[in-house]
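Trainee: This is the structure, below, for whatever I ask next.
The values are calculated or read from the model by the stated rules, or taken from the named source; none is laboratory data. Bear in mind that the values here come from a model prediction, so they are computed numbers and not experimental data. Cβ coordinates were reconstructed from backbone atoms using ideal geometry, including for glycine residues, and neighbour counts include every protein chain displayed. All accessible areas refer to the heavy atoms of the entire protein, side chains included, with ligands and DNA or RNA removed. Shrake-Rupley method; radii C 1.70, N 1.55, O 1.52, S 1.80 Å.
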Amino acid sequence: MTESLSQLTLDSPVGPLTVTARQGAICALRFAAGGPRHSDDPVLQESARQISGYFGRQLKAFDLPLDLRGSNHNLAVWHEMLSIPYGETLTYGDIAARIGSNPRVVGTACGANPIPLIVPCHRVIGKDGSLVGFSGGDGKKTKARLLDHEAPALPLLSGLMTEL
């Protein structure tokens, strides 16, 4: 039995984003074009509205149905990332301590996040405040832009931008 997937590509300040839905829930987001620019799928229409609100600084928390599939460990990491408030960060070590893991394995789970931005892996940083990595868009540059978008006055970010 094949599952029906629908996609929608949106323009954003960090480049095109392609959102994928499966059975009424968001299952993927890629920092690339690849889907149609219009969709009749209600969850994709709502994701477009919320992503637009996020980049317009009217929305600080996404409220979308998510279809996250992965190992129990990855799911635990992704759920912890969902708890990080807009404009704030946690370290890989913080998340590891919360779920009884280690920072390297948490980093691997962050890299496997199928729905970046909505599941905010960009809010996870190194223990020394460094950006470490990001799998979307232009990597660390995109991560820095998202963090700067959320908290332009955050002192931590002034140093992060110089490392790029």
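Trainee: At 1.4 Å probe size, with the rest of the protein present, what percent of the exposed accessible area of the stretch 1-133 is carbon and sulfur atoms?
Mentor: 51 percent
Trainee: Still on this structure: Count the DSSP beta bridges whose two residues both fall in the stretch 17-164, then state the antiparallel fraction as a percent rounded to the nearest 5. Walk me through the numbers on the way to the answer.
Mentor: Values: 5 of 9 bridges.
So the antiparallel bridges amount to about 55 percent of the total.
Trainee: Considering the convex hull of the alpha carbon atoms of the stretch 22-164, report its projected area averaged over all viewing directions, in nm², one decimal.
Mentor: Taking the Cα atoms of the stretch 22-164, their convex hull projects to 8.6 nm² on average.
Trainee: In what sequence, highest mean first, do 42-49, 98-105, 119-126 appear when ranked by Cβ atoms within 10 angstrom? Spell out each step's value before the answer.
Mentor: Values: 42-49: 17.4, 98-105: 14.4, 119-126: 23.0.
Listed from highest to lowest mean packing, they are 119-126, 42-49, 98-105.
Trainee: Mind running the shape call on the stretch 11-90? Use the C-alpha gyration tensor, a ≥ b ≥ c as the square roots of the eigenvalues: rounded below 1.5 for a/c, prolate if a/b tops b/c, oblate otherwise.
Mentor: oblate
Trainee: Can you give me the accessible area per residue for the chain, using a 1.4 Å probe, in Å²?
Mentor: Dividing the accessible area of the chain by its residue count gives 50 Å².
Trainee: Which value at 222 nm does the chain reach when only helices count, each DSSP H run of 4 or more adding -39,500 (n - 2.57), with the total divided by all residues and rounded to the nearest 500 deg cm²/dmol?
Mentor: -11000 deg cm²/dmol
Trainee: How big is the gap, in Å, between the Cα center of the stretch 1-52 and the Cα center of the stretch 88-154?
Mentor: Each part's Cα centre sits 22 Å from the other's.
Trainee: Also, quick follow-up: Please sort through the DSSP H helices of the chain and keep those with an alpha-carbon extent of at least 24 Å along the long axis and a Kyte-Doolittle average not below -1.0.
Mentor: Working: long enough: none.
Span-like helices here: none at all.
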